[in-house]
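Asks: I am attaching a structure below and will ask some questions about it afterwards.
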Amino acid sequence: MLISFALLLLGLLGTPLFAIIAASAMIGFLRSEIDLSVVAIEIYRLAEMPVLVAIPLFTFAGYLLGESNSPARLVRLTRTWLGWMRGGLAIVTLVACSLFTAFTGASGVTIVALGALLYPALLQADYDERFSLGLVTTSGSLGLLFAPALPLIVYAVVAQQMNPTPPVRIDDLFLAGLIPGLLMVFALSAWSVWSQRGVVSTAAPFSWPEARASLLEAGWELPLPLVVLGGIYTGYFAVSEAAAVTALYALIIEVGVRREISLTRLPEVMRESLVLVGGILIIVAVSLASTNYIIDAEIPTKLFELIREQVSSKLTFLILLNIFLLALGMMLDIFSALVIVVPIILPIALSYGIHPVHLGIIFLANMQLGYITPPVGMNLFIASYRFERPVIEVYRATIPFFVILLITVLVITYWPALSMVLVG
Amino acid sequence: MTEPPQTGAAAPAGSAKPGSPDPPAGGSGRASAVLHRCEDILLSLLLAAMIFLAAGQILLRNLFETGFTWADPVVRVLVLWVALLGALAASRDDRQINVDMLSRWLPERLRNTVRTVTCLATAAISATVAWHAGRFVSEEMEYATTAFSNIPTWVLASIIPIAFAGIGLRYLLLAAASARRVVAGGS
């Protein structure tokens, strides 16, 4: 008990989470008198899960695209095709950021790479300053329900450790995220158009020459979302195959054809992407050990018996789940939250009759909201830092978007069909 | 319509924490710069190998309906290596994922003290993992188990103790750097 408390305190004080999880797993094994070399055996299992191959490959491709001029091309493209509408630039922001986050994972890269282009553009087009700040902050985590976002893959990996019935197939998860993700984009777009209806439109009218030029300019990148998303959603590619194709293609285009990333800079970009990958996968690795301990010690079963005494209905459980996940998303980064909490709540949610794929979507939708939940949501700080605004101002700017997203999260939670209708 | 301003989007990587003071890299001087460069190049080579092997398999399978049986397991082992070496690189300047809830509100001196403690704890835990992973590797060596294509398992697993030992060492250096700041701040 004392040791657990000490570990918790160390964790809250900023000790890397992999160390905290590794320590608690080892303490668990010691108590059960299991030889500690089992930790190494569990870590070695990283080399036995084919789906994990997708994580370094997609992350690298995302970083490579982010470091090239692709973000600017993406903005120009969406701007010419959507920007002529009333509130078009706001919609551009939402759509471009979602696409970008799906490829780079929600790690703050979106705000840094795209926000820097879109925020000044919004101000220039006479959008309200507070609205613009809130919009780019919120857009930073939008899109993590779309394939091939890393959190979806990590959820599938962690959930598969628990062998749930029905099983969690990664393709199902990708399909399940589609409509809820679109709902979020639509709801935020509708709010943006309505709230900025007073803005005198300075947007240029749609022009065919510009539309053609923007298409041509982005020509090399255009096949990427089509091939990757199309390949995954139609089932032509396995996820790890799609990742390999994406990484190789991005490498050839940005380094070989466009030459926006030089060969001398390439190792740096590779290392940066692998720092993120290493940070995520080392947590996944040590949590493979702790998950095993959690299952052995029947912690979910005990917890479930405790909860069942208090919570009888599925509805009450879902409400509690929402509150819990919201607080969690505010405090924990999404990957740590996944590996720490999913092994515990998945069995409990199953016994309340929640489909594990739906649970994944609920989990990630809540986490996404957690990024912009004051006072400590991560994107609030990144935006405050990036746009040099006091964090209090970012809080205020983000609140309307937070409310809209909260409503969509509730819809996603209490309407399972929204997630499950596309899953066979 | 004017073009949006071009930025290189050159910076903070995903796990970089804006707003937090930049900690010094683990170690200093030319020796560590060389070490870092070597690490970067090794990481790049492993990642490049992974990309070409994984993509090559797809090409072979689709065009010639063939492939190498060893390629898939090699790619999976590369995931382990890339992950652990990436984590080692993340430890260079304390960019491991953490929950930074309390320390960001602490006064600077106290924050450095806290950092010394958390870094020491991380170093101790990593060293423990490294030690037991080392035992695992030497057992595999003793029993001469093979993973695939007659490659001994211990070679493939050896990255686990190496990486964790390296991470432990880096956090020890980070702890020393924080401790020095506590002392310097006090005088």
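Asks: Just the projected area, averaged over all directions, of the convex hull on the alpha carbon atoms of the stretch A:118-234: how many nm²?
Replies: Directional mean of the projected Cα hull area for the stretch A:118-234 stands at 9.8 nm².
Asks: Whole number please: convex hull volume per residue, Cα atoms of chain A, in Å³.
Replies: It is 145 Å³ per residue.
Asks: Now a separate question. Select from A:A90, A:A285, A:A365 the residue whose mean-square fluctuation is largest in a Gaussian network model of chain A (Cα-Cα springs shorter than 10 Å).
Replies: Among A:A90, A:A285, A:A365, the largest GNM mean-square fluctuation belongs to A:A285.
Asks: I would also like to ask the following. Going from the alpha-carbon gyration tensor of the stretch B:33-187, what semi-axes, largest first and in whole Å, does one get by taking the root of 5 times each eigenvalue?
Replies: Details: eigenvalues 305, 74, 29 Å².
Calculated on Cα positions only, the semi-axes equal 39, 19, 12 Å.
Asks: Bins of 5 Å, beginning at zero and ending with the bin holding the largest distance: percent of Cα pairs per bin for the stretch A:256-355, please.
Replies: Result, from short to long distances: 2, 11, 16, 16, 15, 11, 7, 6, 5, 5, 4, 2, 0 percent.
Asks: Further question on the same structure: Out of the stretch A:213-287, which chymotrypsin sites (Phe, Trp or Tyr not before Pro) are coil in DSSP terms and have no more than 14 other C-beta atoms within 10 Å?
Replies: Listed in order of number, the matching sites are A:Y236.
Asks: Evaluate peptide A:340-348: per residue, the Cβ atoms of other protein chains within 10 Å of its Cβ; return the mean as an integer.
Replies: Numbers: counts 0, 0, 0, 0, 0, 0, 0, 0, 0.
Partner Cβ neighbours, averaged per residue: 0.
Asks: Something else: Take peptides A:303-311, B:168-176, A:1-9, A:60-68 and line them up by average Cβ neighbours within 10 Å, highest first, as a rough protection proxy.
Replies: A:60-68, B:168-176, A:303-311, A:1-9
Asks: While we're here: Give me Rg over Rh for the stretch A:4-161, both radii from the alpha carbons and Rh done the Kirkwood way, two decimal places.
Replies: When Rh is taken as the Kirkwood radius, the ratio is 1.13.
Asks: Considering the alpha-carbon set of the stretch A:50-101 alone, what are its Rg and its Dmax in angstrom?
Replies: 13.8, 46
Asks: Let me confirm one metric for peptide A:243-250, namely the mean number of other chain beta-carbon atoms within 10 Å of its residues' beta-carbons. Intermediate results must be reported in sequence, preceding the final value.
Replies: Values: counts 3, 11, 5, 2, 7, 7, 1, 1.
Mean inter-chain Cβ contacts per residue within 10 Å come to 5.
Asks: Next question. Given the -39500 (n - 2.57) contribution per DSSP H run of 4+ residues, what per-residue ellipticity at 222 nm results for chain A, rounded to the nearest 500 deg cm²/dmol? Walk me through the intermediate numbers first.
Replies: Values: 21 runs with 301 residues, N = 424.
Mean residue ellipticity, 222 nm, calculated: -23000 deg cm²/dmol.
Asks: Further question on the same structure: Considering all alpha-carbon pairs of the stretch A:88-144, what whole percent are spaced by more than 15 angstrom?
Replies: On the way: 572 of 1596 pairs.
The answer is 36 percent, as a whole percent.
Asks: What do you get for the angle between helix A:150-161 and the principal long axis of chain A? Use alpha-carbon atoms, 0 to 90 degrees, nearest ten.
Replies: 20 degrees
Asks: Distance between the C-alpha centers of the stretch A:309-365 and the stretch B:135-187? Whole Å please.
Replies: The distance from the Cα centre of the stretch A:309-365 to that of the stretch B:135-187 comes to 34 Å.
Asks: So, one more: Enter the angle in degrees (range 0 to 90, nearest 10) between the Cα long axis of helix A:129-139 and the first principal axis of the Cα atoms of chain A, meaning the one along which they spread out most.
Replies: In chain A, helix A:129-139 runs at an angle near 50 degrees to the longest axis.
Asks: If you don't mind, another one. In degrees, nearest 10, range 0 to 90: what is the angle between the Cα axis of helix A:266-296 and the longest Cα principal axis of chain A?
Replies: Roughly 30 degrees between the two axes.
Asks: How many partner chain Cβ atoms sit within 10 Å of a residue's Cβ in peptide A:25-37, on average, as a whole number?
Replies: What the average comes to for A:25-37 is 2.
Read-outs throughout are calculated quantities, based only on the coordinates presented, and are distinct from any laboratory measurement. Predicted, not measured: the structure shown is a model, and the values here were computed from it. FYI the Cβ positions are ideal-geometry reconstructions off the backbone, even for glycines, and counts take in every protein chain you see.
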